[in-house]
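Have a look at the structure below, then the notes.
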Amino acid sequence: MKCCVVTLGCQMNQSDSERIRSVIEGMGFEMVDTEEEASLIGVVACSVRQKAIDKVYSKIRKWNQWKNEKPLVTFVSGCILPADEEKFLKQFDLVFRMNELPDLPDMLHQCGVASEFSAKHPFNDLHREDERTDFWQIDPTYSSDFDAFVPIQNGCDKFCSYCAVPYTRGREVSRASEDILAEVRRLVERGVKAITLLGQNVNSYGLDKKGQEISFAQLLRKVGELGQASGKEFWVYFTSPHPRDMTRDVIEAIADYDCLAKQIHLPLQSGDEKLLRRMNRNHSIEDYLKIVDDIRELLPTATLFTDIIVGFSGETDEQFENSAKVMERVGYNMAYVAKYSPRVGARSARWEDDISPQLKSERLARLSEILKRTSKAHNDAMVGKTYRVLIERVDPRMASALSGRTEGKLPVRVVDAPAELVGTFQEVGITSASELSLTGRLA
Ligand code: 5AD
Ligand code: SF4
């Protein structure tokens with residue numbers, strides 16, 4: 001019995017897939033990489049990205065044809081809008097939400113999948129709550145030996161007007177901190193080198209369980225303590241935070257512990273007050289810049305990444321220029337600039353998408369140019385110095401080189417280095433810098 005799980009989404013979806021794989025492996029399936037070999041095929045997708053959904057439709061059409069030739073069961077999960085869910089129900093054998101994952105063996109049985117699953121399955125003993133969070137207690141099958149995702153929260157209550165996530169993943173629910181810390185501890189004992197705490201809105205962690213759960217800053221401190229006590233070296237990241245909940249104590253916690261990586265992804269979305277309000281972001285540019293100043297003061301070595309949307313409904317030239325100004329002022333190391341596109345379910349989908357594709361492209365190019373300039377200036381200043389680099393893979397374009405990243409997540413190509421270093425930390429002397437990456441040699 002072979003199963004293939006295809007992931008078409010973000011890091012959160014990859015993390016979902018890791019847990020889905022565990023449950024299916026627990027049923028006695030062997031996981032394979034090719035769809036053709038499998039008798040059970042699943043796709044973990046994201047309605048927020050129309051491209052992902054288009055791909056799901058093309059895949060399910062193909063898989064449904066295969067059903068004429070061999071027995072095949074298909075399922076879909078991930079971040080699915082109710083409207084897509086309804087359509088998928090007609091095409092897939094099974095559609096489920098991530099918080100129903102513990103029931104997957106039962107659901108697959110109902111679809112006629114025979115397995116070694118018995119009534120004594122461990123998931124049957126998990127306690128049930130109104131907000132189902134027992135899927136987090138499933139040990140994931142991690143896809144890397146040294147880089148792991150740990151979900152700390154599911155869903156989002158922020159309702160940014162352009163965003164469909166609150167409708168695909170539901171209300172914000174925090175995972176129990178003991179469970180998070182237990183998973184982090186297991187990963188550290190296994191020798192993992194990088195851990196990313198995942199959530200749609202990580203720094204509002206605990207706010208849904210007021211008084212019963214610790215805050216995000218306290219959670220970071222506990223992870224920091226755990227790192228110190230372990231005596232091991234690893235870097236802990238989190239993504240994504242919301243500026244509104246980015247309190248100074250979060251930044252102070254990061255400053256206090258070596259294992260908390262000095263890299264912060266702080267979505268800006270727009271540099272214009274009025275657009276921020278229309279986006280329902282609920283903070284001002286001044287608030288945002290104050291956080292940046294706190295980061296520069298308390299974490300002087302930190303790199304800063306962001307997400308920005310260009311061509312949002314009604315964005316004037318002047319409003320766009322305000323985004324450009326904030327980008328210049330902050331000097332990001334990385335920015336994921338997206339052209340606005342209406343997402344079904346999101347509030348702004350009812351507003352006019354009135355910025356032409358051409359103008360969106362021009363604005364995107366302007367911001368990319370600013371990013372490349374500020375990032376290059378930062379990278380140039382690293383030349384001649386030595387940095388710790390986590391080696392991630394053999395360089396896909398040069399067999400004698402490796403590629404890795406610094407604590408600040410800046411990509412580094414390490415020339416003349418052996419493949420056995422993948423998954424280790426190395427001291428690398430930086431020899432040259434380009435706009436968005438660095439080159440160096442083992443020191
Ligand atoms: N159009 C363009 N970009 C979007 N994002 C979210 N919704 C939209 C949309 N409707 C971007 C935001 C977010 C990132 C994950 O995707 O910048 O931070
Ligand atoms: Fe939530 Fe806004 Fe992030 Fe969407 S963009 S997941 S609504 S905080």
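The values are calculated or read from the model by the stated rules, or taken from the named source; none is laboratory data. As the structure is a prediction and not an experimental result, all values here were calculated from the model. When we count neighbours, we look across all protein chains shown, and the Cβ atoms used for this are built from the backbone with ideal geometry, even at glycine.
Every condition in (1) buried (at least 19 other Cβ atoms within 10 Å of the Cβ); (2) within 16 Å of ligand 2 (Cβ to nearest atom) holds for residue 287 except the one numbered (1).
Would you check which residues across the range 258-270 are within 16 Å of ligand 2 (Cβ to nearest atom) and more than 19 Å from the chain's Cα centre (by Cα) and list them? Give the derivation first.
Step one: filter the range 258-270 for residues within 16 Å of ligand 2 (Cβ to nearest atom), giving 264-270.
The one that is within 16 Å of ligand 2 (Cβ to nearest atom) and more than 19 Å from the chain's Cα centre (by Cα): 270.
Residues that are within 19 Å of residue 194 (Cβ to Cβ) and crowded, with 17+ Cβ neighbours inside 10 Å within the range 422-437 comprise 422, 423, 425, 426, 428, listed in sequence order. Remark: residue 56 matches the filter, which requires a residue to be under 28 Å from residue 345 (Cβ atoms) and not polar (S, T, N, Q).
Here is a check on your reading of the model: is residue 161 in a loop (DSSP other than H, G, I, E, B), over 19 Å from residue 73 (Cβ atoms) and modelled with pLDDT of 85 or more? Yes; evaluated as a whole, the condition is true for this residue.
Could you say which residue among 246, 279 is touching a residue at least 40 places away in the same chain (Cβ under 8 Å), over 20 Å from residue 147 (Cβ atoms) and touching a strand residue (DSSP E or B) at 6+ places or on another chain (Cβ under 6 Å)? Step by step, each of 246, 279 is checked, and only 279 is touching a residue at least 40 places away in the same chain (Cβ under 8 Å), over 20 Å from residue 147 (Cβ atoms) and touching a strand residue (DSSP E or B) at 6+ places or on another chain (Cβ under 6 Å).
Is it the case that the range 228-241 has a residue that's within 16 Å of ligand 2 (Cβ to nearest atom), closer than 14 Å to residue 148 by Cβ and under 17 Å from the mean Cα position of the chain (by Cα)?
Within the range 228-241, the first condition is being within 16 Å of ligand 2 (Cβ to nearest atom), and the residues that meet it are 238-241.
Now drop any that are not closer than 14 Å to residue 148 by Cβ, which leaves 238-239.
Remaining after also requiring under 17 Å from the mean Cα position of the chain (by Cα): 238-239.
Yes: the range 228-241 contains one or more residues that are within 16 Å of ligand 2 (Cβ to nearest atom), closer than 14 Å to residue 148 by Cβ and under 17 Å from the mean Cα position of the chain (by Cα).
Annotation: of all residues in the range 70-104 being closer than 21 Å to residue 49 by Cβ and β-branched (Val, Ile, Thr), the one that is farthest from the chain's Cα centre (by Cα) is 74. When 382, 398 are screened for being under 24 Å from residue 330 (Cα atoms), in a loop (DSSP other than H, G, I, E, B) and among the aliphatic types (A, V, I, L, M), only 382 passes.
How many of the residues in the range 213-247 are more than 30 Å from residue 284 (Cα to Cα) and part of a loop (DSSP other than H, G, I, E, B)? Spell out how you get there, then give the answer.
Step one: filter the range 213-247 for residues more than 30 Å from residue 284 (Cα to Cα), giving 222-235.
Subsequent filtering for residues that are part of a loop (DSSP other than H, G, I, E, B) retains 231-234.
Selection size over the range 213-247: 4.
Close Cβ contacts (under 6 Å, 6 or more residues apart or on different chains) running from residues in the range 259-275 that are within 30 Å of residue 231 (Cα to Cα) to residues that are part of a loop (DSSP other than H, G, I, E, B) and polar (S, T, N, Q) comprise 262/301; 265/240. If you go through the range 344-376 and keep only what is under 30 Å from residue 433 (Cβ atoms) and of a type in the set (S, T, N, Q), you end up with 361, 368, 374, 375.
No other residue among 380, 395 is modelled with pLDDT under 95 and touching a strand residue (DSSP E or B) at 6+ places or on another chain (Cβ under 7 Å) apart from 395.
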